[in-house]
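What follows is calculated from the coordinates using simple rules that are stated; it is not laboratory data. Bear in mind the structure is a predicted one, so any value in this text is a computation, not a measurement. Positions of Cβ are backbone-derived with ideal geometry, glycine not excepted, and every protein chain shown enters the neighbour counts.
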Amino acid sequence: MTSDSAAAQPLQVARQLLRERKVADASKLLHTFMEQNVENREGQELLGMVLFMSKKFEEAKAAFEQLTRMDPTNATAWANLGAVQNTLGDHHGATKSLRKAIHRDKKSASGYYNLAIAQKALKMNSMAVSAYKEAIKLDPAMAEAYTNLGNMYIEMNNLTQAIKLLEKGVEQCPQSKKVAAVLEKARVAKSGTRRVDAPLGRLVNEEELAKKQIRTTRRGLSSAVRIHERETLQDLGKKIRRSTRPLVELASTRLQQQLHIMDLAVAQKDARGEAPAKFEEMVATIDEMDRLRSVAVTAISEIKTHLEKTDPGI
């Protein structure tokens, strides 16, 4: 029997013990194994996992730090280290470790997921949203990413986006009770918002409207003028909708993704030389957002000018 096959047997036993949640037995086995096989990377990784499951977080951190020294190119080791650092509240340290994980494996869903946790804790919400989206893109069945991002959307009062995301999450993770619970939470919040905004049977308080300078009497417009006004305002309203919808999409998705990529490029000292091109893409996005904003502002100004002509009291 070779040394590799001899080492594999206790590691297989340890994995089975972990699957059976016999953490104490696995811990004892792995500590003994690592005393005799100090350079075994698989054993070191399993030891870190056992320590984490035993809630010995400082020891787990030390174990994964050792693994990154043993194998600096191991993306999983860096991702696990970042997860432990998040648990310990060291979110700055976690961010550094997780960027290293992603640099070594661009398809590390767990790397992006844990990076999002760190960024959310550091109040870097836009980047956290982008990282969660990337985690879901790489692993569409990651229930935790849906629940965390869904809760973020709810906190941001972006209830429509939350519901859309969580409906997809329920579809991808039908067994997850947490995703379903957060979806229900978002739906209840949206329903409640509607009730507050437009409660059934509310009567107009004319005195209150007068204080806000809102007209409650009919204007003396001819039928032709009224029709022309309605058509004009409808056309201008369409312009505003056509500009604001893509503007919101650019701000909430594309720009966030580009900022996230730029952040990673800066952290990695642009090792791949991607920063100039990504910066140009970001500038182009901002220019397009400014163009759309200008369209909306112009349309609103035209509405105001038109109403001032037909209703000097406004």
Worksheet entry | Normalised contact order of region 140-198, rounded percent, pairs of Cα under 8 Å and 6 or more residues apart | 38 percent
Worksheet item: Taking residue 28 as the anchor, which lysines have their alpha carbon closer than 25 Å to its alpha carbon, excluding any fewer than eight residues away along the same chain?
Response: 55, 56, 61
Fill in: Mean Cβ count within 10 Å, highest first, over the residues of peptides 38-49, 280-291
38-49, 280-291
Practice prompt. Rank by packing, highest mean first: peptides 302-310, 153-161, with packing defined as the count of other Cβ atoms within 10 Å averaged across residues.
Written response: 153-161, 302-310
Response to the item:
Any lysines whose Cα falls less than 28 Å from that of residue 304, other than same-chain ones fewer than 8 residues away, would be 211, 212, 238, 239
Discussion item. Starting from the 7 Å offset along Cα-to-Cβ, what nm value, one decimal, do you get for the label separation of residue 156 and residue 54?
Written reply: 4.0 nm
Worksheet item: Using a simple charge model, +1 on the beta-carbon of Lys and Arg, -1 on the beta-carbon of Asp and Glu, nothing else, what dipole does region 140-198 show about its Cα centre, in debye to the nearest 20?
Response: 160 debye
Worksheet item: What number in nm² do you get for region 140-198 if you take the convex hull of its Cα atoms and divide its surface by four?
Response: 3.5 nm²
Worksheet item: Dipole of region 16-97, Cα-centred, from +1 at each Lys and Arg C-beta and -1 at each Asp and Glu C-beta, to the nearest 20 debye?
Response: 240 debye
Fill in: Listed residue pairs exceeding 25 Å between alpha carbons, taken from 96/133; 96/120; 133/178; 107/177
107/177
Worksheet item: In nm, what is the difference between 0.36 nm times the number of residues separating residue 16 and residue 221 and their Cα-Cα distance?
Response: 65.6 nm
Item to complete: Output the peptides 55-67, 246-258 sorted from most to least packed, where packing is the average of other Cβ atoms within 10 Å over each peptide's residues.
Response: 55-67, 246-258
Discussion item. I need the shape label for region 217-310. Rule: rounded when a/c is under 1.5, else prolate if a/b > b/c, else oblate, with a, b, c from the alpha carbon gyration tensor.
Written reply: prolate
